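Colleague: Right, I'll just put the structure down here and ask away after.
The values are calculated or read from the model by the stated rules, or taken from the named source; none is laboratory data. Since the model is a prediction, treat every value here as computed from it, not as a measurement. Heavy atoms of the whole protein, side chains included, go into the accessibility calculation; ligands, DNA and RNA do not. Shrake-Rupley method; radii C 1.70, N 1.55, O 1.52, S 1.80 Å.
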Amino acid sequence: MTPLNVDLFTGAVRDVEQTQYRILAALKHARDAFSENRIYPHLGDLVAFYRSITTMLETSEQMRSRRSGTVSGVDWDEMELTYEWPQLEDDEMTVVARLLEWALPHVEDTLNEGKAVYEFVEEQLEVETVGIVPSYLKEGYLMVPDRTESEFRVFRYTMSVVRDDGEKARMLRTTLCRSVSCKDVEPHPSSIKLELVKERRDLPNPATYLFDTDVAFPYEETMLPVVKRRLLRHLTRETGRA
């Protein structure tokens, strides 16, 4: 499957129809995944692709910007990466611009389908805190049962702050701690938390969250990434108050 990226457009002058076919095929592949409630990586790829298209359409000069060019080296005087674009003549630029305008509504429609599935999954999630919630929330545990495999999975999470283009952004890292079968007996979240506290003394009173749903969503492609994003939003909001 041809990946959706801006290289499709810069090479489109050689065969516009073939490029359109590749774009439509890739979008159909994403829609098929959405119809099965499989969100990632398709939704993330579409968001990035949509942003690239809208950026490129703003002005032709932005087609040579750092946002969508190819890294060619480092400007040590300015301490920044340098980018280069394939050379396109004016008539070729026109072809690319028209193709971008054609692709935009197709991408928007598919992206909206993915967003609708994402929102549906979020609506089905039930969230609860396990035990007392401490004041320190940047580290803790995340419990996300896998109903497709009848397993109760526990992750340790760490929230950190990173800088992107001078702006602060928060990210969440998770590490699988254990998986417990829940085919016969559903493990109790409080009991698991107590076991973790005994085993891992560095977090004596960890923030612990349980996300669950009655719907058997695909775990790696849907359930886990949606839960992580929702937890990150919650932690960002709560730690922002401190």
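Colleague: For the range 124-199, what is the convex hull volume of its Cα atoms per residue in Å³?
Modeller: Details: hull volume 10.4 nm³, N = 76.
So the per-residue Cα hull volume is 137 Å³.
Colleague: Students often forget the sequence filter, so: which lysines lie under 30 Å Cα-Cα from K183 once same-chain residues fewer than 8 apart are removed?
Modeller: Partners within reach: K193, K198, K228.
Colleague: Continuing with this model, one more query. Given the range 102-146 reduced to its alpha-carbon atoms as identical point scatterers, what log10 I(q)/I(0) does the Debye formula return at q = 0.30 Å⁻¹?
Modeller: Scattering profile of the range 102-146, log10 relative to I(0): -1.07.
Colleague: Full extension from S135 to H188: what is 0.36 nm times the residue separation minus their Cα-Cα distance, to one decimal in nm?
Modeller: Numbers: separation 53, 0.36 × 53 = 19.08 nm, distance 2.36 nm.
Contour length minus Cα-Cα distance gives 16.7 nm.
Colleague: Kirkwood Rh, the range 91-219, all Cα pairs: how many Å?
Modeller: On the way: mean 1/r = 0.0557 Å⁻¹.
By the Kirkwood definition, the hydrodynamic radius is 17.9 Å.
Colleague: Tell me, what % of the accessible area of the range 90-242 is carbon and sulfur with a 1.4 angstrom probe? The partial results should precede the final answer.
Modeller: Details: 4090 of 8810 Å².
Of all accessible area on the range 90-242, carbon and sulfur atoms account for 46 percent.
Colleague: With every protein chain left in place and a probe of 1.4 Å, what is the accessible surface of R229, to the nearest 10 Å²?
Modeller: Result for R229: roughly 130 Å² accessible.
Colleague: Here's something else I'd like to know. Let me make sure I get this right: for the range 162-242, a, b and c are the square roots of the gyration tensor eigenvalues over alpha carbons, sorted descending. Under 1.5 in a/c it's rounded, otherwise prolate if a/b > b/c, else oblate. Which is it?
Modeller: Oblate, because a/c is 1.5 or more while a/b does not exceed b/c.
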